[in-house]
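Report on one structure; see the data block that follows.
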Amino acid sequence: MIPRTIFSSDHELFRDSVRKFLEQHAVPFHGQWEKEGHIDRALWNKAGEAGMLCSHIPEEYGGIGADFLYSTVVIEEVGRLGLTGIGFSLHSDIVAPYILHYGSQELKQKYLPKMVSGEMVTAIAMTEPGAGSDLQGVKTTAVLDGDEYVINGSKTFITNGFLADLVIVVAKTDPAAGAKGTSLFLVEANTPGFSKGKRLEKVGMKAQDTSELFFQDVRVPRENLLGQAGMGFAYLMQELPQERLTVGIGALASAEAALQWTLEYTRERKAFGKAVADFQNTRFKLAEMATEIQIGKVFVDRCLELHLQGKLDVPTAAMLKYWGTDLQCKVLDECVQLHGGYGFMWEYPVARAWADARVQRIYAGTNEIMKEIIARSL
C-alpha cells in the first residue's frame, strides 16, 4: 500500500486522541442515537473540550488556528467508525468558514468561540421543498424593514437542524435578480417566528438530526447579514469546494472501513468447507476494491495538498465528490454482497454503512450536477 505522506506526527497524535474520544464517547451509544433520531447534545460540549470542533479557527476567536488536515482527521475517524450521526464537519468545515470569511468582527467575536467550545451547534439552511441542487430556485425571502430583515420561508433536509442553536439561512433579498439577489443571514434558534419541524425519518444516517425549519416573519438585526446583500450566491460558490472535499474524504474513509470489515468477515465465514475469502471471486472482488480505494486515497491527498495551498478549484472538488461517493456506494454494495444474508442485518456495521452511503451521491450537490460542473470546465 502507498504510504500517506501528507500527515505529520502531530496530525497522527491528534488522530489517536480523536479515535479514543469517539470510541469512548460515541461508538457505544450510536445505536441508541439512531433510535432517537439525534446524537446526545452533550457530545458537542465534550468534543469542544477535546479540541475537535473548528480547529482551524484563529486563536483570537477561541480556536487553535490549525490547518485543514486536523479537520480531515476528524472526518476520517468519524467515517471509519461509521458514526454518521455526528455532524461535526458541517459545523466546523462548512458553517464556521462562512462566519470567519464573511462575518463582521462583531459576529465573529459573538459566535465563533461558542462554536469552538460546542456551546452552540450550527446548521446551514439552503435546501427547500422546491429547491435542492438549484440554489437559484430559493424562495425564502428577507425584506429590509428599518434596521431589521424580515425572513419568511421554509427549509428541509437540514443537517443538525433539530439541535441547532444558530443557522445560516440562504434567502432572497431581491427575488427579481436571480442568483445576484441571494443573501446569507445568521439566525438564532430562539428568535420569534423561527420554528423547527419534525425530525425527518431517513433511509440511512438515522442518528443525524435532519429537520425542517420554518421562518414566519422572523426579524433579525441588519448586522446579522453575512457580508454584503446580494453576494450570497458568490459566497456559496466560493465555499463549496471545501464542502465537497469533506464529502469525498468521508466517502473514502467509509469505503476503506467497509473493506476492512469484509476482509475480516470473509476470512472467518465458511462456505462449502472453506473460508469465503479463499474463493477466487471473493479474492478478485477484494483486490478490485482495495485498488480503487488506494487510487481514491491518492486523489484525496492530492486534493488536500491543493486545498492547503488555496488552489483546489471547483471542477476538481466536483470530481472528487462525484467519483468518491460513487466508489463508496459501489464498494458498500460489494461488501454487503460478500457478507451474504448477514450483510442485510442492521446489527452489522456494513448494513448501516450501506444505508448511510446512498445519500452521499445526492447531497452537497447531486453527482449529476458535479458532472455538469466538470463538463463546463473542459
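The values are calculated or read from the model by the stated rules, or taken from the named source; none is laboratory data. The model shown is predicted, which means the values in this text are computed figures rather than measured ones. Here the Cβ positions follow ideal geometry from the backbone for every residue, glycine too, while neighbour counts run over all protein chains shown. Side chains are part of the model used for accessible areas, which takes the heavy atoms of the whole protein and leaves out ligands, DNA and RNA. Shrake-Rupley method; radii C 1.70, N 1.55, O 1.52, S 1.80 Å.
General observations
- Any hit, the range 191-198, residues being at pLDDT below 95, closer than 24 Å to ILE94 by Cβ and either under 17 Å from the mean Cα position of the chain (by Cα) or surrounded by fewer than 17 Cβ atoms within 10 Å (Cβ to Cβ) (or both): yes
- Yes/no for GLU334 being in contact (Cβ under 8 Å) with a residue 24 or more places away in the chain, of a type in the set (Asp, Glu) and assigned by the TED database to the domain that holds ARG267: yes
- Among (1) touching a residue at least 12 places away in the same chain (Cβ under 8 Å); (2) of a type outside the set (A, V, I, L, M, F, W, C); (3) in contact with a helix residue (DSSP H, G or I) (Cβ under 9 Å, 6 or more places away or on another chain) - the single one GLY37 does not satisfy: (3)
- Some residue of the range 283-306 being surrounded by 21 or more Cβ atoms within 10 Å (Cβ to Cβ) and touching a His at 6+ places or on another chain (Cβ under 8 Å): no
- Answer residue from the range 211-228, given it is within 26 Å of the chain's Cα centre (by Cα) and hydrophobic (A, V, I, L, M, F, W, C) and is most open to solvent (accessible area, probe 1.4 Å) among those: PHE214
Condition check ((1) open to solvent by less than 50 Å² (accessible area, probe 1.4 Å); (2) at pLDDT 95 or above) across all residues:
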position	(1), (2)
MET1	no, no
PHE14	yes, yes
ARG19	no, yes
HIS30	yes, yes
PHE68	yes, yes
ILE75	yes, yes
GLY82	yes, yes
ILE86	yes, yes
SER89	yes, yes
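- Residues satisfying the stated conditions in the range 56-94, i.e. closer than 16 Å to GLU119 by Cβ and more than 11 Å from the chain's Cα centre (by Cα): ILE57, TYR61, GLY62, GLY63
- Residue count, the range 119-160 (criterion: part of a loop (DSSP other than H, G, I, E, B) and modelled with pLDDT of 95 or more): 7
- Selection from the range 331-340 of residues that are under 30 Å from PRO241 (Cβ atoms) and either outside any helix (DSSP H, G or I) or open to solvent by less than 20 Å² (accessible area, probe 1.4 Å) (or both): VAL331, LEU332, CYS335
- Residue that is farthest from GLU128 (Cα to Cα) [pool: residues in the range 341-378 that are part of a helix (DSSP H, G or I) and of a type in the set (S, T, N, Q)]: SER377
- The range 203-227, residues that are in a loop (DSSP other than H, G, I, E, B) and under 19 Å from PHE29 (Cβ atoms): GLY204, MET205, LYS206, ALA207, GLN208, ASP209
- Among the residues of the range 129-170, those identified as within 22 Å of the chain's Cα centre (by Cα) and open to solvent by less than 10 Å² (accessible area, probe 1.4 Å) are ALA131, VAL138, LYS155, ILE158, ASN160, GLY161, ALA164, LEU166, VAL167, ILE168, VAL169, VAL170.
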